[in-house]
Every structure is written in structure tokens, then in C-alpha cells.
Amino acid sequence: MNRRTLLSAAAGAVLGQAASLPIIDTHIHLFDPTRPQGVPWPAKDNKVLYQPALPDRYRKIAVPLGIVGAIEVEASPWLEDNQWVLDVASKDKIVVGTVGDLEPGKPDFRKHLERFHRNPLFRGIRCGNLWGRNIHDDLPKPEFIADLKALADAGLEVDIANPTPVLIADLVRLTDRVPTLRVVIDHLLRIDLPADQGILRTYHTDLRELGKRPQVYVKGSGVLRRVDGRVPSDLNFYRPRLDELWEIFGQDRLIYGSDWPNSDLWEPYPQALKIVREYFTGKGQAALEKFFWKNSIAAYRWVKRDASQPA
């Protein structure tokens with residue numbers, strides 16, 4: 001038995017004992033490289049990821065661990081992949097929402113938003129450092145801000161991808177200009193912190209400012225990191241960053257997301273879940289429930305589709 005299999009089995013055993021807590025996973029990706037049109041991501045040479053990632057495969061991994069619902073987050077800049085995901089999601093009740101890919105500031109944004117928002121599973125869009133785009137270049141554009149205000153007026157949210165210190169500073173300005181927009185920051189635990197102490201201080205100042213804004217949430221996704229070719233399995237390695245987010249955002253604004261199947265590049269699904277579950281168990285039952293499902297309702301307003309899903 002190799003190390004990955006051993007860790008996965010051990011984590012699965014621990015998690016299986018506590019699977020009575022319902023979990024909403026707010027960050028999975030769905031794609032199918034076998035489609036005639038293929039996929040823009042992942043690349044064909046990625047031996048871990050380049051295979052169908054569909055709800056039936058996810059179910060087999062997640063349900064035994066207590067996951068009762070999931071929110072799909074876009075993995076494609078192709079417009080019609082918004083519809084493809086909604087069609088796939090409609091066939092499996094484990095998917096309680098989708099976060100699509102539309103470009104605020106583009107002439108057809110409102111038309112596309114109206115089209116996809118007709119489906120109640122469409123819960124928002126993702127922006128940030130992805131697909132060659134970045135918020136920093138778009139913030140000065142009035143049409144970009146106007147479209148995000150329209151998104152907020154529709155009761156939808158925006159996920160923020162791949163944060164950097166610059167992006168965190170931009171989010172302060174964005175939430176100044178669109179204070180009614182719910183914002184969910186993805187993978188903040190995976191951010192590469194700058195060595196420059198001045199930049200680092202500014203980053204922490206900006207992060208604390210976002211912590212004062214009740215419409216800003218942070219996903220506990222991307223928790224695992226690789227050091228010298230290995231992925232630590234001890235919570236204490238990850239505790240400092242988790243402590244920082246807990247101190248700034250508290251128990252009401254942190255939410256669970258796995259980043260499946262991208263998370264498989266680090267370790268199998270149960271290992272990252274074990275780390276965050278152990279951490280939030282130490283914060284008490286109320287915090288545990290908020291992290292694993294209650295806060296996701298406030299952030300996404302997702303759609304209950306099955307009796308097993310909490311309300």
C-alpha cells in the first residue's frame with residue numbers, strides 16, 4: 001500500500017465515523033474530455049485530471065464522507081459550457097448550484113446573465129486571475145462595475161479565483177463600489193505570500209479590511225500544500241493560515257470547498273477534508289456546522305434538491 005492510498009484510507013476511516021454531519025461542498029469542477037468538442041482545461045498531458053469529472057464519479061467519492069450537496073464552479077471560458085454544466089447538473093440532485101463564466105463589461109453580459117439565470121441552479125459567476133483576465137484592468141471601466149451591480153441586483157454572487165496581494169487590494173476597491181455584491185474568495189489558503197515585508201503588510205491590511213465587510217466570504221479550499229516534494233498531513237502545518245482566516249473572518253464567513261478533482265494533484269479527497277474537519281471540530285459544533293453547510297446558504301443561496309440536504 002503506497003503513501004497516498006494509506007493516507008486516503010486513514011482519513012476516510014476517521015471521516016466515515018463522523019459522516020452524520022451534512023456537508024455542502026462549494027467548489028467542484030465538472031468537465032468531460034471525451035466530448036466531441038473537448039475541453040479547454042485540463043490539458044491532455046495532465047495524467048491526473050484529464051478524465052471525465054462528472055457527478056456520478058464525484059458521488060462515489062463524496063457521499064461516503066457525508067457530502068450531501070455540491071456547487072460546481074466553472075472550468076471553462078466557453079459560453080456554451082455554462083449551459084452544458086446546467087444540463088449535467090439537472091440530472092443529479094447532488095449538484096445544488098453552479099457558478100458560471102461570463103465576462104462583466106462585455107456588450108452581451110446582461111443578455112447572457114438573463115439567459116442562464118432563468119435556471120435556478122445558476123448562482124453566480126467567477127472572476128479574478130483566470131483565462132487571461134484580471135479585475136485590476138477592469139475596475140476602471142464603468143461598464144464592468146455596472147454589470148456587477150446588475151449581478152448583485154439579481155441576487156447572485158461572484159467567486160474570485162486565484163488570489164494574489166494585488167487582487168485582494170482590488171477586492172477592497174470593488175466592494176467599495178459594489179457593496180451589495182456577495183463575494184466568495186477561492187483558494188486563499190493557497191496564496192503565495194510575498195517576501196517583501198511592505199507588500200506583505202499591505203496584504204494583511206487589505207485582508208483585514210475585507211474582514212469587516214459582511215458580504216465577503218472565504219472558502220477553506222486549496223488547503224493542502226507541497227513542501228520539498230511532499231504534502232504534509234499534520235494539521236499543525238496548516239494551522240497558522242487557518243488561524244489567520246478564523247481571526248479575520250470568524251465563524252460566519254468561512255465555507256467549505258474541496259476543489260475536486262483539481263485537489264487530486266495534492267492528495268485524494270479525504271485528506272484535505274480531514275485537515276479542515278479536525279480544525280473546525282476544535283472550534284465547537286456551531287462553528288463546524290456553519291463552515292460545512294450553514295454559511296454556504298448565506299453565500300450562495302443554493303437550491304435544496306434532496307431530503308438529505310439541510311435547510
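The values are calculated or read from the model by the stated rules, or taken from the named source; none is laboratory data. What you see is a predicted model, and the numbers here were worked out from it, not measured in a lab. So basically every Cβ, Gly included, is an ideal-geometry build from the backbone, and we count neighbours across all protein chains shown. Side chains included, ligands, DNA and RNA excluded: accessible areas come from the protein's heavy atoms. Shrake-Rupley method; radii C 1.70, N 1.55, O 1.52, S 1.80 Å.
Worth a mention:
- In the range 51-64, the residues that are open to solvent by 50 Å² or more (accessible area, probe 1.4 Å) and either of a type in the set (Ser, Thr, Tyr) or more than 23 Å from Asp306 (Cβ to Cβ) (or both): Gln51
- Complete set of residues in the range 51-74 that are hydrophobic (A, V, I, L, M, F, W, C), more than 12 Å from Ala89 (Cα to Cα) and in contact with an Asp or Glu (Cβ under 6 Å, 6 or more places away or on another chain): Ile67
- Scan of the range 65-85 for residues that are in a strand (DSSP E or B) and either surrounded by fewer than 20 Cβ atoms within 10 Å (Cβ to Cβ) or in contact with a Leu (Cβ under 7 Å, 6 or more places away or on another chain) (or both), ordered by number: Glu72
- Of the helices (runs of 4 or more DSSP H) contained entirely in the range 87-173, those carrying at least 1 residues that are under 30 Å from Ala195 (Cα atoms), of a type outside the set (Ser, Thr, Tyr) and over 19 Å from the mean Cα position of the chain (by Cα) fall at 135-138.
- Looking only at the range 244-283, and only at residues there that are acidic (Asp, Glu) and within 13 Å of Val218 (Cα to Cα), the one that is surrounded by the most Cβ atoms within 10 Å (Cβ to Cβ): Glu244
- In the range 170-196, the residues that are of a type in the set (Ser, Thr, Tyr) reach residues that are open to solvent by 10 Å² or more (accessible area, probe 1.4 Å) with C-beta atoms within less than 9 angstrom, at least six apart or across chains, in these pairs: Thr175/Glu209; Thr175/Arg213; Thr175/Gln215; Thr180/Lys149; Thr180/Ala152; Thr180/Asp153; Thr180/Gln215.
- Residues of the range 122-146 satisfying the condition of being surrounded by 20 or more Cβ atoms within 10 Å (Cβ to Cβ) and farther than 21 Å from Asn162 by Cβ: Phe122
- Among the residues of the range 235-259, those that are under 14 Å from Ile275 (Cβ atoms) and part of a loop (DSSP other than H, G, I, E, B) comprise Tyr256, Gly257, Ser258, Asp259.
- Of all residues in the range 96-121, those satisfying the criterion of being open to solvent by less than 30 Å² (accessible area, probe 1.4 Å), free of Cβ contacts under 8 Å to residues at least 60 places away in the same chain and not acidic (Asp, Glu) are Thr98, Gly100, Leu102, Pro104, Gly105, Phe109, Leu113, Phe116.
- Taking the range 289-311 as the range and being open to solvent by 10 Å² or more (accessible area, probe 1.4 Å) and more than 24 Å from Ala75 (Cα to Cα) as the test, the residues that pass are Glu289, Lys290, Lys294, Asp306, Ala307, Ser308, Pro310, Ala311.
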